[in-house]
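> I'd like to ask some things about the structure below.
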Amino acid sequence: MTLWFALALMTAAAIFAVLWPLARRTSERRSGTDVAVYRDQLDEIERDRAAGLIEDNEAAGAQVEVSRRLIAAVDAQAPLNASAAASTWRRRVVAVVALVALPIGAAGFYLTVGSPLMPDQPLAPRLAAAGNTQSYDGLIARVETHLEQNPDDGRGWEVIAPIYLRLGRFDDAVKARRNSIRLNGETAQRTAALGEALVLAANGVVTADAKAAFEKAVALDAGDVQARYFLGLAAEQDGKRAQAAEIWRELIAAAPPDAPWRDFVQRALARVSGASTPSAPPGPTEEQVAASSDMSADQRNTMVRGMVARLAQRLQDDGSDVEGWMRLVRSYMVLGEPDKARAAVADARRALAGDQAKLRRLDELIKELKLEG
């Protein structure tokens, strides 16, 4: 509606621009004025002769000259009137054309080359349509180029950080989270998100920097679920299973029944509560790895990689646990990392050298998983 109103105003302005010069009056013709002047001159000559101001022969000569001019003025009056009438008629024709032909012509031209029936196209759908025609990598590259040129765009860093996480570019995600906090301000949510990126960058291990970020997030908001969960995970990784269980029990107790993360935390609680002794192997079971497929990518990476990293570290310290080695190899295969599984097999063979029974069990697993070579 606004567009049509604007078009109507533009048409009216165009018509006014055409008609304005035509509406102006032309200068008056001199024909009628000249006749009256010559007649006044004849009367004045007659008065001067009667008063004796001029001689009779001079008066006669002046009358002849003025009379000649009078006749010429009278003869010119008729053609001038006809010319004025013709000019008026032409102006009226041009005015009619401007009033009628100009709007009709403009409308016809628009109907020919325009699209009057096309619906409105707001910006958001047009951007979405454009995004469908471009590769995901291309869009990310455009955002990265924008951030290189505008490094202080806090909104841009906040938007691209979770994308980096989904792509597995954890170091880039850490950088983006730090920039977001620096430019947008420190909040519990942003600080906890930084801690999560640090955990993922460390293959699921809650490092000292990550733990400090989670503690700061809880200080800003005691109810931050993400930070509290990872603090429980940090306690579990430190061997403080009772502390981890307490943190997660409190988290579940305060959670609404329909919280989407409730089941995930309950499984974590069952993991630490079901351990008979703190020295139980910290690596994931096959069921735990398989159950992680129901989680989001970030949650799966956090839980599984954290447990796998702890198991690998424990086996480096004590490589005599064949069950642990077999669990580590299976975990790598479930995660889709066969190269790491082969590397773990090589480490296991070195650690178990001399124990033929354990090596046979390892060989059986290798055949089962088809990891030869």
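The values are calculated or read from the model by the stated rules, or taken from the named source; none is laboratory data. Just so we're clear, the structure is a prediction, and the values are computed from it rather than from any experiment. Every residue, glycine as well, gets a Cβ built from its backbone with ideal geometry; the counts of neighbours run over all protein chains shown.
> Would you say residue 6 is under 26 Å from residue 104 (Cβ atoms), modelled with pLDDT of 70 or more and of a type in the set (Gly, Ala, Ser)?
Numbers: under 26 Å from residue 104 (Cβ atoms): yes; modelled with pLDDT of 70 or more: yes; of a type in the set (Gly, Ala, Ser): yes.
It is true that residue 6 is under 26 Å from residue 104 (Cβ atoms), modelled with pLDDT of 70 or more and of a type in the set (Gly, Ala, Ser).
> Just checking, does the stretch 171-187 include any residue being loosely packed, with under 15 Cβ neighbours inside 10 Å, closer than 24 Å to residue 335 by Cα and either among the aromatic types (Phe, Trp, Tyr) or out of contact with any strand residue (DSSP E or B) (no Cβ under 8 Å at 6 or more places or on another chain) (or both)?
Within the stretch 171-187 (the criterion being loosely packed, with under 15 Cβ neighbours inside 10 Å, closer than 24 Å to residue 335 by Cα and either among the aromatic types (Phe, Trp, Tyr) or out of contact with any strand residue (DSSP E or B) (no Cβ under 8 Å at 6 or more places or on another chain) (or both)), the answer is yes, since at least one residue qualifies.
> Can you confirm whether residue 299 is at pLDDT below 85, in contact with a helix residue (DSSP H, G or I) (Cβ under 7 Å, 6 or more places away or on another chain), more than 25 Å from residue 363 (Cβ to Cβ) and not β-branched (Val, Ile, Thr)?
Working: at pLDDT below 85: yes; in contact with a helix residue (DSSP H, G or I) (Cβ under 7 Å, 6 or more places away or on another chain): yes; more than 25 Å from residue 363 (Cβ to Cβ): yes; not β-branched (Val, Ile, Thr): yes.
Yes.
> Name, by its number, the condition in (1) at pLDDT 85 or above; (2) surrounded by fewer than 16 Cβ atoms within 10 Å (Cβ to Cβ); (3) under 22 Å from residue 192 (Cα atoms) that does not hold for residue 270.
Looking at each condition in turn, residue 270 falls short on (3).
> Related question: Take the residues of the stretch 195-206 that are buried (at least 24 other Cβ atoms within 10 Å of the Cβ) and either within 25 Å of the chain's Cα centre (by Cα) or more than 13 Å from residue 161 (Cβ to Cβ) (or both): which is modelled with the highest pLDDT?
Across the stretch 195-206, the extreme among qualifying residues is 197.
> Consider only pairs whose beta carbons are under 7 Å apart and that are at least six residues apart or on different chains; among these, list those whose first residue lies in the stretch 178-190 and is assigned to a helix (DSSP H, G or I) and whose second residue is aliphatic (A, V, I, L, M).
178/194; 180/161; 181/194; 188/217; 188/220; 188/227; 190/181
> So, one more: Of the numbered conditions (1) closer than 30 Å to residue 194 by Cα; (2) at pLDDT below 80; (3) of a type in the set (Asp, Glu), residue 337 satisfies every one except a single condition; which is it?
All conditions are met except number (2).
> Can you pull out the residues in the stretch 346-360 that are surrounded by fewer than 17 Cβ atoms within 10 Å (Cβ to Cβ), closer than 19 Å to residue 312 by Cα and basic (Lys, Arg)?
349, 350
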